[in-house]
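Trainee: The structure's right below; bear with me while I get my questions together.
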Amino acid sequence: MSQKFNTIGLMGRYHDSSSGSLASLRVLLNYLTSHGYSVVLEKNTGEELKDSSYPTYPSEALGQHCDLMVVVGGDGSLLNAARAAAPHGTPVLGIHRGRLGFLTDIHPNDIEKKIGDILKGQYFEETRFLLNTQLKIENKIIPVDNALNDVVLSPGDNPQMIEFEININDQFVCKQRADGLILATPTGSTAYALSGGGPILHPQLDAIVLVPMFPHTLSSRPIVIEGNSRIDIFITSHNRFSPKISCDGHAHVKVPPHSHIYIEKSPHLLRLIHPLDYHYFETLRSKLDWEKHY
């Protein structure tokens, strides 16, 4: 049964004034208020709109105060919203004002019609899992962040290969020397992992893909593992610098040699809302420029 939405939280892409996000946000605001819906704004979005008539909240708290979070921007904007919304179980809908747009479904020209249909209950919902990352440095556990797309181990400011060991569910897998490692969810398999040579995973698969970045040996290939696996990446003592770990391109944290990176599925799922005419394979065809049938 479709959920009824009464209070709508809005979050926009406010860093790029040329994206058209603010114009779309204003169209959306006018539509929602004229149809009697309550609206709350993410704090930075409210500041950009310069309208003090709506309550504002930090992004991490917005999901507590709305029934539906609508994101106007690109996939990066939706990734930010996903990490904020998932702990509160708040569903998220994306309006496309970015570049590629795998996650943001609604075209700006269709805002009023598509939003109207969704608020009438004409939508479908799916869940996507996130990855949670922690570090163990000198026997101290340090939380990092959640990631809807990927967790990336990279050299950071040091253009050198990283030596690391991979253990999955307490079983040793291999030692690698590479420029880094991408650990992606099915959602993130069409992002950075795809450019690194990883496979496309259907979003409903319960799986994680590990993609080595420019490995020292050609036999180091991407591997797909079960989604509930616990991954332990050990940064060996042979490294002369501290590589960095990031989650969806955020939280760049240094990981000194002889430290562990623990990655596993987050207990919080993202509830992602789609209009009824959304089709995953159609999205792949259009975004990746695959040939259409005749």
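Only the coordinates and a few stated rules stand behind these numbers; no lab work does. Values in this document were obtained by computation on a predicted structure and should not be read as measured data. Don't worry about glycine lacking a Cβ; one is built from the backbone with ideal geometry, like all the others, and counts go over all protein chains shown.
Trainee: Spin-label point model (7 Å from Cα, Cβ direction): what's the Thr33 to Asn6 distance in nm?
Mentor: Label-label distance for Thr33 and Asn6, simple model: 2.1 nm.
Trainee: Same structure again: Once you have the Cα-Cα distance between Phe214 and Gln134, take 0.36 nm times their residue separation minus that, and quote the gain in nm to one decimal.
Mentor: Numbers: separation 80, 0.36 × 80 = 28.80 nm, distance 2.45 nm.
Roughly 26.4 nm would be gained on extension.
Trainee: Contact order normalised by length for the chain, with contacts defined as Cα pairs under 8 Å and 6 or more residues apart; what percent is it?
Mentor: On the way: 676 pairs, mean separation 52.7, N = 294.
RCO, the chain: 18 percent.
Trainee: As a check on your grasp of the helix formula, calculate [θ] at 222 nm for the chain: sum -39500 (n - 2.57) over DSSP H runs of n ≥ 4, divide by the residue count, round to the nearest 500.
Mentor: Calculated mean residue ellipticity at 222 nm is -5500 deg cm²/dmol.
Trainee: Loop-only GluC sites (Glu not before Pro) in region 99-149, please: DSSP not H, G, I, E or B, and at most 16 other Cβ atoms within 10 Å.
Mentor: On the way: sites: Glu112, Glu125, Glu126, Glu138; in loops: Glu138.
Counting only loop positions with at most 16 other Cβ atoms within 10 Å, the GluC sites (Glu not before Pro) in region 99-149 are Glu138.
Trainee: For a footprinting-style exposure proxy, rank Val72, Val144 by other Cβ within 10 Å, fewest first. Kindly include the intermediate steps, with their values, before the conclusion.
Mentor: On the way: Val72 32, Val144 21.
Ascending number of Cβ neighbours within 10 Å: Val144, Val72.
Trainee: Shifting gears a bit: 5 Å is the cut-off here: which amide hydrogens, built 1.01 Å from N in the peptide plane, fall below it relative to Thr7, excluding neighbours closer than 5 in sequence?
Mentor: Hits under the 5 Å cutoff: Asp67, Leu68.
Trainee: Filter the trypsin sites (Lys or Arg not before Pro) in region 95-147 to those in DSSP coil with at most 16 other Cβ atoms within 10 Å of their Cβ, and list the result.
Mentor: Values: sites: Arg97, Arg99, Lys113, Lys114, Lys120, Arg128, Lys136, Lys140; in loops: Arg97, Arg99, Lys120.
Loop-located and lightly packed - Arg99, Lys120.
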